[in-house]
Amino acid sequence: MAYIQINGGVNWFVLEMATPLDSDDAMGRPPLGMKPTTIRLPVETLQRVEALVGNRRIALFIREAVENELARRDAPPPSQE
């Protein structure tokens, strides 16, 4: 706490922030719950994806492909009867 004297009176104020600056209550867009990552693809593969989905939808396509592959690998193996 700090004290300031103004016109003979003493005023005070608290130097502590009510909420930390890096909290989720900060102004701006809320976090999307995603972490950026870098992947390396052959140029030909990226061109094929771009031709299918367009330049602005490549990240969505990759996210969906990863989710589909994870679901496939998490599924129980088919029974061999």
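The values are calculated or read from the model by the stated rules, or taken from the named source; none is laboratory data. All values derive from a computational prediction rather than experimental measurement. All Cβ positions, even for glycine, are placed from backbone atoms using ideal geometry, and neighbour counts span all protein chains on display. Protein only, heavy atoms only, side chains kept; ligands, DNA and RNA dropped before computing areas. Shrake-Rupley method; radii C 1.70, N 1.55, O 1.52, S 1.80 Å.
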*Would you check which residues across region 43-81 are among the β-branched types (Val, Ile, Thr) and more than 21 Å from the chain's Cα centre (by Cα) and list them?*
VAL43, THR45, VAL49, VAL53
*Which condition number does GLU64 fail, the rest of (1) surrounded by 10 or more Cβ atoms within 10 Å (Cβ to Cβ); (2) of a type outside the set (Gly, Ala, Ser); (3) at pLDDT below 95 being met?*
(3)
*Residues (open to solvent by less than 100 Å² (accessible area, probe 1.4 Å) and either of a type in the set (Lys, Arg) or free of Cβ contacts under 8 Å to residues at least 12 places away in the same chain (or both)) located in region 32-48*: GLY33, LEU41, PRO42, VAL43, THR45
*Which condition breaks for ALA51 when tested against (1) at pLDDT below 90; (2) loosely packed, with under 10 Cβ neighbours inside 10 Å?*
(1)
*Is it the case that ALA59 is surrounded by 10 or more Cβ atoms within 10 Å (Cβ to Cβ), modelled with pLDDT of 95 or more and assigned to a helix (DSSP H, G or I)?*
no
